Structure formats: C-alpha cells, structure tokens
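Novice: The structure that follows is given in the form of structure tokens.
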Amino acid sequence: MELTHMNDQGRARMVDVSDKPETTRTARARTSVELSSELKQLITDGDLAKGDVLAVAQVAGIMAAKETSRIIPMCHPLALKKVDLTFEWDETQLIIESFVKTKGDTGVEMEALTAASVAALTVYDMTKAVDKGIVIGPTYLLEKQGGKSGDYVR
C-alpha cells in the first residue's frame, strides 16, 4: 500500500484533493474516560467547583473538530456541517462518542477522533484535582461513510 502523505523524496506532504468529487462524508469516533466512583458521582451531581464538566467537554469537542487542521499538520481545513458529542456512563467509565459530517472532497475521520479526544482531555482537566488516576482511551474510529476508500464500520 502506498502512503499518500509522502512525496517522491519520502517527505511529508498534504494530499491533493482538488480532483475529488464533493460527497457527503461522516465519521463517528469513540473514547472512554475511566475514573473513580467518587468522581463519577461529583460529575453527575454537578458538585465540582469548575462547573458542568460534560457541558464544557461538549463545547471543547466541537471546537476541536472545527480546528483539527490547525493541530494535525496534514489535515485539510474543512467546512463542517455538523458536530455532535454524546456522553454515556458505564459503571466507572464515561463513554464519549463524536459524530462529524460535511459535504466535501475529503473525509472527517480526524475531526471525529479529535473531537472525542479533546472532550476526554477536558474531562481530565476539569477533574484532575479530585482524581489524577484517570485513564483515557482507547480512542478509535467506529465508522466512516463517503469517499473513494468506501465505507467503514468497526
């Protein structure tokens, strides 16, 4: 398999997507935040001094998706049409899923992965005073639709 992000000299390059057709592109990613039952209770009760952890993580994830090309060097700037994050508790794990959609000439997998990751990092940042033993991950792509490489479902 040829790596498309390498030029003839074996150095990194941004892929030329100018000839690709615009299609609807979506991606969904997931990560988890493992934390103590005490911290889970504080988050669900809204008893943390820094405020509503999940509301802040939601906004951080959306902002991160929109800024992905600024922090991942070979990502193209995209006009995202939808970004959403959901949060679900599984005992002492917070499951974070992101969904990203656009109409364009390149996929949104990196935007979905970035959104989920930054939301998890935000949870850590807002709760580290209570529990520094928080574990983030694994983080992975659940599915993507659209584009030349076809659809993918984990």
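Novice: Based only on other Cβ atoms within 10 Å, what is the fewest-to-most ordering of Lys81, Lys132, Lys40?
Specialist: Lys132, Lys81, Lys40
Novice: Then there's this: Where is the GNM fluctuation largest for the chain (alpha-carbon springs, 10 angstrom cutoff): Ser18, Ser98, Ser69?
Specialist: It is Ser18.
Novice: Moving to a separate point now. May I ask you to sort Leu78, Leu141 by Cβ crowding, counting other Cβ atoms within 10 Å and putting the fewest first?
Specialist: On the way: Leu78 21, Leu141 17.
The order, fewest Cβ neighbours first, is Leu141, Leu78.
Novice: Taking the beta-carbon count within 10 Å as an exposure proxy, list Tyr140, Tyr152, Tyr124 from fewest neighbours to most.
Specialist: Tyr140, Tyr152, Tyr124
Novice: Please quote Rg/Rh for the range 23-146 to two decimal places, taking the Kirkwood radius as Rh and restricting both calculations to Cα atoms. Could the numbers behind the result be given before it?
Specialist: Working: Rg = 14.7 Å, Rh = 14.6 Å.
Over the Cα atoms of the range 23-146, Rg/Rh equals 1.01.
Novice: I've got another one for you. For Cα pairs less than 8 Å apart in space and 6+ apart in sequence, what is the mean separation divided by the residue count of the range 44-153, i.e. the relative contact order in percent?
Specialist: 25
Novice: Now for a different question. How long is the gain from Glu34 to Asp125 if the chain were fully straight, where each residue apart is worth 0.36 nm and the alpha carbon distance is subtracted?
Specialist: Net length gain for the segment: 31.4 nm.
Novice: So if I place +1 on the C-beta of Lys and Arg and -1 on the C-beta of Asp and Glu, and nothing else carries charge, what would the dipole magnitude of the range 77-152 be about its Cα centre? I want it in debye, nearest 20.
Specialist: 340
Taken together, the values in this text are just the output of simple stated rules run on the coordinates, not laboratory data. On a predicted model such as this, the values are computed, not experimentally measured, just so you know. Glycine also receives a Cβ, built like all others from the backbone with ideal geometry; neighbour counts cover every protein chain displayed.
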